[in-house]
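The values are calculated or read from the model by the stated rules, or taken from the named source; none is laboratory data. Bear in mind that the values here come from a model prediction, so they are computed numbers and not experimental data. All Cβ positions, glycine included, derive from the backbone under ideal geometry; neighbour counts span all protein chains shown. When the accessible area is computed, the model is the full protein with side chains, heavy atoms only, and any ligands, DNA or RNA have been set aside. Shrake-Rupley method; radii C 1.70, N 1.55, O 1.52, S 1.80 Å.
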Amino acid sequence: MANTIESPVSSLGESFDVALLDSARVFAIEVAADTTVKHTLASTTTLVTIAVGLDASAASLTLVRGSAYDAAKAWPLMPGYLPFGVPGGSRDLHFNAAADTVVHVMEN
């Protein structure tokens with residue numbers, strides 16, 4: 001996979017791919033109140049880390065991966081760094097928030 005290294009960190013002796021920090025593949029996504037913003041992943045992206053600020057809970061920030069935002073399938077994002085594997089399928093991430101917030105996405 002592009003921009004990854006194999007890292008033997010499992011207590012079971014297994015290894016897995018971890019993303020390398022590449023500032024050219026870091027995106028700040030501004031989500032205005034009561035709007036949905038789409039971010040399209042690169043075709044080679046297999047891992048993403050989403051950095052969510054402390055205001056995410058108050059902003060009711062949610063995420064849907066698919067062709068369109070669907071509130072019934074939205075995943076609530078809590079503050080912190082959230083790693084996700086995205087090895088295929090839809091390339092579109094849809095963010096929605098009840099209040100203005102910023103999300104950072106790092107792709108491998």
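Inspect all residues belonging to the stretch 28-51 and state whether any of them is basic (Lys, Arg), modelled with pLDDT of 90 or more and within 18 Å of GLY85 (Cβ to Cβ).
Scanning the stretch 28-51, I find no residue that is basic (Lys, Arg), modelled with pLDDT of 90 or more and within 18 Å of GLY85 (Cβ to Cβ), so the answer is no.
Say whether the condition of being farther than 19 Å from ALA98 by Cβ, outside any helix (DSSP H, G or I), open to solvent by 70 Å² or more (accessible area, probe 1.4 Å) and free of Cβ contacts under 8 Å to residues at least 60 places away in the same chain is met by at least one residue in the stretch 46-55.
no
Taking the stretch 71-96, which residues are surrounded by 11 or more Cβ atoms within 10 Å (Cβ to Cβ) and over 29 Å from LEU20 (Cβ atoms)?
Correct list: LYS73, ALA74, ASN96.
For residues that are modelled with pLDDT under 65 and not hydroxyl-bearing (Ser, Thr, Tyr), tally how many sit in the stretch 15-27. Spell out how you get there, then give the answer.
Of the stretch 15-27, the ones modelled with pLDDT under 65 are 15-16.
From the residues that got through so far, the ones that are not hydroxyl-bearing (Ser, Thr, Tyr) too are 16.
Of the residues in the stretch 15-27, 1 are modelled with pLDDT under 65 and not hydroxyl-bearing (Ser, Thr, Tyr).
Mind listing just one residue for me: the one in the stretch 14-32 that is closer than 14 Å to VAL103 by Cβ and small (Gly, Ala, Ser) and, of those, most open to solvent (accessible area, probe 1.4 Å)?
Among those residues, the one meeting the criterion is ALA28.
Has the stretch 22-41 got at least one residue that is among the hydrophobic types (A, V, I, L, M, F, W, C) and in contact with a helix residue (DSSP H, G or I) (Cβ under 7 Å, 6 or more places away or on another chain)? Write out each step before concluding.
Residues of the stretch 22-41 that are among the hydrophobic types (A, V, I, L, M, F, W, C), as a first pass: 24, 26-29, 31-33, 37, 41.
Subsequent filtering for residues that are in contact with a helix residue (DSSP H, G or I) (Cβ under 7 Å, 6 or more places away or on another chain) retains none.
Within the stretch 22-41, none of the residues are among the hydrophobic types (A, V, I, L, M, F, W, C) and in contact with a helix residue (DSSP H, G or I) (Cβ under 7 Å, 6 or more places away or on another chain).
I need a count of the residues in the stretch 77-96 that are part of a strand (DSSP E or B) and either of a type in the set (D, E, K, R) or modelled with pLDDT of 95 or more (or both).
So the answer is 5.
If I filter the stretch 49-67 for residues that are in contact with an Asp or Glu (Cβ under 6 Å, 6 or more places away or on another chain), at negative phi and β-branched (Val, Ile, Thr), do I get at least one hit?
yes
Of THR35, THR45, THR40, THR49, which residue is of a type in the set (Ser, Thr, Tyr) and touching a Pro at 6+ places or on another chain (Cβ under 6 Å)?
Result of the check over THR35, THR45, THR40, THR49: THR49.
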